[in-house]
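The values are calculated or read from the model by the stated rules, or taken from the named source; none is laboratory data. Since we're looking at a predicted model, the values are computed, not measured. In this analysis, Cβ positions are derived from the backbone assuming ideal geometry, glycine residues included, and neighbour counts consider all displayed protein chains. Side chains are part of the model used for accessible areas, which takes the heavy atoms of the whole protein and leaves out ligands, DNA and RNA. Shrake-Rupley method; radii C 1.70, N 1.55, O 1.52, S 1.80 Å.
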Amino acid sequence: MGAVIGMLFAVLFQQPLQDAWYRLRKRSTRALRSLGRREETGPAWRTFSLGPLQTSALIVEGDGESPIPPETVYVHVRDDEIELPPDMRPWRSEIAAESEQLRAEGRTPLWNGPRYAVEAFDISRTALDERPEVHLRLRPTDYYTFLAAQQLDRRLPDGTTPRSRYLDPDRPLEAPAFLQCSFAVNIAVVTADDMLVVSQRSDRVRMAPGVWNSSVNEGLSRHIDSSGRSAPDLHAVARRGMREELSLEPHEYSLDLLAFVLDIGKRHWSGHFYAKLKDLSSADLQARMSRGVADRWEHQTIDYVPFRPAAVVKYMLRDDRVHRWAPALFHLSLVHAYSRTLVERVEAQLTRRL
């Protein structure tokens with residue numbers, strides 16, 4: 001009888017006792033590990049990273065899953081033009097002189113196009129559904145001023161640099177407007193047969209030559225994007241970029257604004273978009289581009305990558321890519337198409353193998 005009772009006891013209670021022991025041991029292990037930990041303090045804002053891929057891209061608003069509606073983006077333009085501080089104005093004069101020298105030598109001069117500088121970027125939430133409301137405040141500037149302001153680490157007469165004098169690394173969103181003379185739209189284009197279009201910037205461009213980039217990159221232009229005195233429309237700028245760089249018309253794709261991003265290293269602002277082609281495959285797009293593209297010289301190579309989480313993440317982490325771009329846009333696009341849970345699981349699996 002004792003043997004039978006013992007057997008019944010073992011059958012009925014062995015697994016629950018083992019489970020309880022396992023949970024107790026796991027809690028004890030965590031408790032012991034926590035004894036060696038100390039309080040930690042970290043910045044509230046961190047730039048985008050993925051395994052060995054460390055970037056200066058700060059995602060200010062947007063997570064990829066929920067597009068930012070165009071009717072909640074308000075762009076305001078002030079009339080007074082940006083001026084550089086007195087000790088930086090000679091740098092702009094040098095750039096103007098360089099352009100004239102290029103013209104005199106019969107080479108392509110630097111075109112001093114009218115641009116916008118970002119004075120402020122503010123986020124609020126709607127009262128009922130808490131959708132983001134974006135207020136982007138711009139001021140007029142030009143390309144020469146932009147190039148002068150890009151010399152963030154050049155020594156000023158007093159030995160400081162624009163970066164050390166005007167920028168606080170603990171407050172990445174605060175900067176004078178003359179250091180933020182750039183706002184662009186970056187678009188991840190996916191063809192109808194699910195191929196991601198990735199472009200390499202031409203060696204002929206002034207900024208970031210040869211760098212791998214989004215499918216389309218288009219800067220705001222005061223001359224083109226502001227008819228009369230109206231403020232630019234970011235979705236219209238994106239559609240212009242699609243037309244000029246890939247010869248695509250608005251009825252051929254859907255377009256979603258996923259995020260606003262600040263490159264804190266260069267003080268470049270951008271809106272990140274996702275465009276899905278409705279009918280054109282990657283072969284159709286290549287054939288279309290072979291018949292003429294307005295801004296053909298901006299790209300020197302185009303890759304077509306299967307738009308699946310594993311394939312895109314592996315491409316982003318390739319040895320010849322990982323240190324030559326900041327592809328937060330492609331992560332956001334994957335999240336938009338596949339969900340954050342799936343994309344982050346794939347990213348974790350692949351980065352663990354590196």
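Just checking, how many residues over segment 98-127 are more than 30 Å from A259 (Cβ to Cβ), surrounded by 15 or more Cβ atoms within 10 Å (Cβ to Cβ) and among the hydrophobic types (A, V, I, L, M, F, W, C)?
1
Go through (1) farther than 28 Å from N112 by Cβ; (2) in contact with a Cys (Cβ under 8 Å, 6 or more places away or on another chain) for V134 and report which single condition fails.
Answer for V134: the failing condition is (2).
Would you say R131 is in contact (Cβ under 8 Å) with a residue 12 or more places away in the chain and surrounded by fewer than 15 Cβ atoms within 10 Å (Cβ to Cβ)?
Details: in contact (Cβ under 8 Å) with a residue 12 or more places away in the chain: yes; surrounded by fewer than 15 Cβ atoms within 10 Å (Cβ to Cβ): yes.
Yes.
Can you tell me which residue is modelled with the highest pLDDT among those in segment 307-330 that are out of contact with any strand residue (DSSP E or B) (no Cβ under 7 Å at 6 or more places or on another chain), open to solvent by 30 Å² or more (accessible area, probe 1.4 Å) and of a type outside the set (G, A, S)?
Here the residue is R308.
Write out, first by first residue and then by second, each pair whose Cβ atoms fall under 6 Å of each other, whose residues are 6+ apart or on separate chains, and whose first residue, in segment 152-170, is in contact (Cβ under 8 Å) with a residue 24 or more places away in the chain while the second is among the basic types (K, R) and surrounded by 15 or more Cβ atoms within 10 Å (Cβ to Cβ).
Taking only residues 6 or more apart or on different chains, the pairs are L152/R163.
Quickly run through segment 161-181 and pick out the residues that are open to solvent by 40 Å² or more (accessible area, probe 1.4 Å), out of contact with any helix residue (DSSP H, G or I) (no Cβ under 8 Å at 6 or more places or on another chain) and not small (G, A, S).
R163, R165, D168, P169, D170, R171, L173, E174 - these are the residues of segment 161-181 that are open to solvent by 40 Å² or more (accessible area, probe 1.4 Å), out of contact with any helix residue (DSSP H, G or I) (no Cβ under 8 Å at 6 or more places or on another chain) and not small (G, A, S).
Among (1) under 30 Å from R352 (Cα atoms); (2) modelled with pLDDT of 65 or more; (3) under 33 Å from the mean Cα position of the chain (by Cα), which single condition is T41 missing?
Here T41 clears every test but (2).
Taking the stated definitions as given, is A148 in a helix (DSSP H, G or I), of a type in the set (A, V, I, L, M, F, W, C), open to solvent by less than 70 Å² (accessible area, probe 1.4 Å) and more than 16 Å from L179 (Cβ to Cβ)? Break it down stepwise before answering.
Working: in a helix (DSSP H, G or I): yes; of a type in the set (A, V, I, L, M, F, W, C): yes; open to solvent by less than 70 Å² (accessible area, probe 1.4 Å): yes; more than 16 Å from L179 (Cβ to Cβ): no.
Answer is no for this residue.
Among the residues of segment 250-266 satisfying the criterion of being modelled with pLDDT under 95 and not in a strand (DSSP E or B), which is surrounded by the fewest Cβ atoms within 10 Å (Cβ to Cβ)?
Looking at the filtered set, the residue picked out is G265.
Being under 30 Å from A337 (Cβ atoms) and either modelled with pLDDT of 95 or more or out of contact with any His (no Cβ under 6 Å at 6 or more places or on another chain) (or both) narrows it down to one residue among S99, S34, S56, S28; which is it?
S56
Restricting attention to segment 65-88, does a residue exist that is assigned to a helix (DSSP H, G or I) and of a type in the set (G, A, S)? Give the steps one after another, and end with the answer.
First pass over segment 65-88, keeping only residues assigned to a helix (DSSP H, G or I): 70-72.
If we keep only those that are of a type in the set (G, A, S) too, we end up with none.
Checking segment 65-88: not a single residue is assigned to a helix (DSSP H, G or I) and of a type in the set (G, A, S).
Could you please find all residues in segment 66-97 being loosely packed, with under 12 Cβ neighbours inside 10 Å and touching a helix residue (DSSP H, G or I) at 6+ places or on another chain (Cβ under 8 Å)?
none
Does A184 count as under 16 Å from the mean Cα position of the chain (by Cα), modelled with pLDDT under 95 and open to solvent by less than 20 Å² (accessible area, probe 1.4 Å)?
Yes, satisfied.
Inside segment 304-318, can you point out the residues that are in contact with a Phe, Trp or Tyr (Cβ under 7 Å, 6 or more places away or on another chain) and in contact (Cβ under 8 Å) with a residue 60 or more places away in the chain?
Those that are in contact with a Phe, Trp or Tyr (Cβ under 7 Å, 6 or more places away or on another chain) and in contact (Cβ under 8 Å) with a residue 60 or more places away in the chain: V305, V312, M316.
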